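Working notes for the structure below.
The values are calculated or read from the model by the stated rules, or taken from the named source; none is laboratory data. All values reported here derive from a predicted model rather than from experimental measurement. Don't worry about glycine lacking a Cβ; one is built from the backbone with ideal geometry, like all the others, and counts go over all protein chains shown. Remember, those area values only see protein heavy atoms, side chains included, never the ligands or the DNA or RNA. Shrake-Rupley method; radii C 1.70, N 1.55, O 1.52, S 1.80 Å.
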Amino acid sequence: MAIVNVTADSFYDVSRVTDVEAVERRISEAVAAGATIIDIGGYSSRPGADDIPMEQEWSRVDMGVGAARRVAPEVAVSVDTFRAEIVRRTVAKYGAVIVNDITAGEGDSRMFDTVAELGVPYVAMHMRGTPQTMQSKTEYKDVVTEVVEYLSSRATELQRRGVKRENIILDPGFGFAKSVEQNYQLLAGLGRLCALGYAVLVGLSRKSMIYKVLETTPQDALAGTIALNWEAINLGATILRVHDVEPAVQIVKIFREYTNDKGFGDL
């Protein structure tokens, strides 16, 4: 899953694309490198990011998804949003997309019913609070148990609302309301989440859990990203959400050879 941030304030500045030509170029490069999902985000979820109105988010998502449909109509598109109305407008204009919701339905009470009605795949991510408050909400007795139990309960509720089990993807939310130490505990326990039997998405790319340990910046966190992405798929992750597509594709190829697992990535 290639990250395409149609924003001006995402934490990794190289990923920001704010005009249609840059968006199309970013998508073309990602697809050429082997991306099978393009993740369009119009609302920055970095810690402390500003809240923005829905219409501003929609203008960005509309531009991004439109560019993806023009440049790579055969490639799956994901929309990184917590607003049900954004999902409804996107599907009405462009057809089915994957919904990537950092709030697991907590940000908009209409979200679960909307994705059930539209029959689209849905990523439920663990987070506490909002991007503006989440880093003050990092108290856990057992971060792995609490994240697994939370996402299991959200998956159960999604199915109760009518979402098919095969359309549910779980994301433990690395970097969202977790300290550096908790992020590594969560990664070590990722197999427990994968054992629930749902597809699992991980977003580790260039995050602070890497560059803080290395005492560097997001720009210098690619090697750490590669190392953690390998461990994530080794523990059972299904989808890697990344800024750097080519290294991620290479990881998957090597992992398949290493494990003789020719079915990895067939979500």
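Checking residue 71 against (1) of a type outside the set (Lys, Arg); (2) modelled with pLDDT of 95 or more; (3) under 17 Å from the mean Cα position of the chain (by Cα): exactly one of these is not met. Which one?
(3)
Can you tell me which residue is farthest from residue 62 (Cα to Cα) among those in the stretch 82-94 that are in a helix (DSSP H, G or I) and touching a strand residue (DSSP E or B) at 6+ places or on another chain (Cβ under 7 Å)?
That would be 87.
Answer with yes or no whether residue 76 is in contact (Cβ under 8 Å) with a residue 24 or more places away in the chain and open to solvent by less than 10 Å² (accessible area, probe 1.4 Å).
no
Of 97, 123, 115, which residue is open to solvent by less than 10 Å² (accessible area, probe 1.4 Å), within 18 Å of residue 57 (Cβ to Cβ), touching a helix residue (DSSP H, G or I) at 6+ places or on another chain (Cβ under 8 Å) and in contact (Cβ under 8 Å) with a residue 40 or more places away in the chain?
115
When you go through 63, 54 one by one, which is the residue that is open to solvent by 40 Å² or more (accessible area, probe 1.4 Å), within 19 Å of residue 105 (Cβ to Cβ) and either at pLDDT 95 or above or in contact with a helix residue (DSSP H, G or I) (Cβ under 9 Å, 6 or more places away or on another chain) (or both)?
54
Going through 208, 153 one at a time, which residue ends up being among the polar types (S, T, N, Q) and either open to solvent by less than 50 Å² (accessible area, probe 1.4 Å) or at positive phi (or both)?
208
Could you list all residues from the stretch 238-267 that are at pLDDT 95 or above, among the acidic types (Asp, Glu) and exposed (fewer than 15 other Cβ atoms within 10 Å of the Cβ)?
246
Those residues that are in a helix (DSSP H, G or I), open to solvent by 20 Å² or more (accessible area, probe 1.4 Å) and modelled with pLDDT of 95 or more, I need them from the stretch 25-51; list them, please.
Result: 28, 29, 31, 32, 33.
Scan the stretch 162-200 for residues that are loosely packed, with under 15 Cβ neighbours inside 10 Å, among the basic types (Lys, Arg) and in contact (Cβ under 8 Å) with a residue 40 or more places away in the chain and jot them down.
164
If only one of 193, 170, 186, 201 is in a helix (DSSP H, G or I) and touching a strand residue (DSSP E or B) at 6+ places or on another chain (Cβ under 7 Å), which one is it?
193
Among the numbered conditions (1) more than 16 Å from the chain's Cα centre (by Cα); (2) over 18 Å from residue 140 (Cβ atoms); (3) not aliphatic (A, V, I, L, M), tell me where residue 206 comes up short.
With respect to (1) more than 16 Å from the chain's Cα centre (by Cα); (2) over 18 Å from residue 140 (Cβ atoms); (3) not aliphatic (A, V, I, L, M), residue 206 is out only on (1).
Looking at 139, 85, which one is in contact with a helix residue (DSSP H, G or I) (Cβ under 9 Å, 6 or more places away or on another chain), over 21 Å from residue 237 (Cα atoms), open to solvent by 50 Å² or more (accessible area, probe 1.4 Å) and charged (D, E, K, R)?
None of the other options fit; the residue is 85.
Collect the residues in the stretch 100-129 that are under 16 Å from the mean Cα position of the chain (by Cα) and of a type in the set (Ser, Thr, Tyr), keeping them in residue-number order.
Listed by number, the residues that qualify are 103, 122.
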